[in-house]
Amino acid sequence: MHQQQDPSTLLTEFFNELTLACQQNKAESLPVLDLACGFGRNGLYLLKQNLPVVFADINPDALAQVEQQANALTKHGQALASYWHQDFELPGSAPLKDKRFSAVVVFRYLHRPLMAQIKEAIIPGGVIVYETFTRAQAEFGRPKNPDFLLEPGELADCFANWHVRHYFEGIVQSKGTKQALARIVAVKPDE
Ligand SMILES: C[S@@+](CC[C@H](N)C(=O)[O-])C[C@H]1O[C@@H](n2cnc3c(N)ncnc32)[C@H](O)[C@@H]1O
């Protein structure tokens with residue numbers, strides 16, 4: 001079993017924004033999508049706080065482990081989780097088309113063609129929480145492929161017309177290693 005890692009502090013600090021996003025659509029509480037969830041450290045945190053979560057990843061073993069952890073929660077917690085085994089990079093595909101979420105959280109994953117779909121899939125008043133590596137990361141370690149690294153200001157530009165609650169771009173030091181990251185928490189404006 002993969003060791004469960006702590007959730008991102010970005011998610012825990014801005015948890016209230018996600019709660020509000022989930023509460024606003026009273027008729028139907030749309031879930032939060034944990035896109036490229038891996039072993040689910042972030043989505044599992046939300047699930048434990050009783051938010052509905054869709055865990056999505058290409059790795060079926062990771063999803064199975066997330067499901068095992070979710071199943072250890074209360075029946076209510078289990079009912080709030082769903083699992084989506086999906087390759088988000090299939091050429092010519094639009095996996096998020098026609099999907100709707102209260103929020104999308106993406107950590108340590110970038111596939112640029114998905115950005116427009118992610119923005120579309122979030123309902124007005126819904127939230128994006130995105131944290132991933134910037135180009136400067138190549139100095140410190142992986143990933144080094146520019147396809148997986150944000151350009152300076154790219155995340156801010158992408159959500160320029162959203163209501164930005166938090167933005168950071170720079171170098172962080174964690175457990176003795178440096179990482180170059182960009183982070184955003186933003187609310188989608190009403191149409
Ligand atoms: C660095 S991990 C981040 C996992 C998690 N978001 C976190 O921060 O702990 C990147 C994740 O992206 C997933 N991934 C990579 N390519 C993918 C694809 N084409 N479709 C869906 N998920 C993918 C991997 O399986 C992996 O779980």
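Projecting each Cα onto the charge dipole of the chain (Lys/Arg +1, Asp/Glu -1 at the beta carbon, about the Cα centre), which of 186, 5, 132 comes out farthest on the positive side?
5
Quick check for me: using +1 on Lys/Arg Cβ and -1 on Asp/Glu Cβ, what's the dipole size of the stretch 9-187 about its Cα centre, in debye to the nearest 20?
Using Cβ point charges on Lys, Arg, Asp and Glu, the stretch 9-187 gives about 320 debye.
Which one of 14, 117, 105 is farthest out on the positive end of the charge dipole of the chain, using unit charges on Cβ (Lys, Arg +1; Asp, Glu -1) and the Cα centre as origin?
It is 14, whose Cα lies furthest towards the positive end.
Taking H placed 1.01 Å from N in the peptide plane, check which residues at least 5 places from residue 132 or on another chain put their amide H under 5 Å from its amide H.
Sorted by chain and number, the residues that satisfy this are 108, 182.
Counting alpha carbon pairs within less than 8 Å and at least 6 residues apart, what relative contact order, in whole percent, applies to the stretch 12-62?
With pairs under 8 Å counted, the relative contact order is 34 percent.
How far is it, in nm, from the label point at residue 140 to the one at residue 58 when both lie 7 Å from their Cα along the line to the Cβ?
2.4 nm
Hey, in the GNM for the chain with a 10 angstrom Cα cutoff, which one of 171, 58, 122 fluctuates hardest?
Evaluated over the chain, the most mobile residue of the options is 171.
A 26 angstrom limit on the alpha carbon distance is what I want to check against. Which of 144/175; 75/97; 48/144; 97/188 exceed it?
Table pairs above 26 Å Cα-Cα are 75/97; 48/144.
Pull up the DSSP beta bridges for the chain and report the antiparallel fraction as a percent, rounded to 5.
So the antiparallel bridges amount to about 45 percent of the total.
I need 190, 34 ordered by Cβ neighbour count within 10 Å, fewest first. Provide the component values of the computation, followed by the final result.
Details: 190 7, 34 31.
Ordered by Cβ neighbours within 10 Å, fewest first: 190, 34.
Could you work out the relative contact order of the chain? I mean the mean sequence separation of Cα pairs under 8 Å and 6+ apart, divided by the number of residues, in percent.
18 percent
Run through the stretch 54-130 and list the trypsin sites (Lys or Arg not before Pro) located in a DSSP loop whose Cβ has at most 13 other Cβ atoms within 10 Å.
Values: sites: 75, 97, 99, 100, 108, 119; in loops: 97, 99, 100, 108.
Qualifying residues, ordered by number: 97.
Laboratory data are not the source of any read-out in this text; all were calculated from the coordinates shown. Just so you know, these numbers come straight off a predicted model, no measurement behind them. For neighbour counting, all protein chains shown are included, and Cβ atoms are generated from backbone atoms with ideal geometry for every residue, glycine included.
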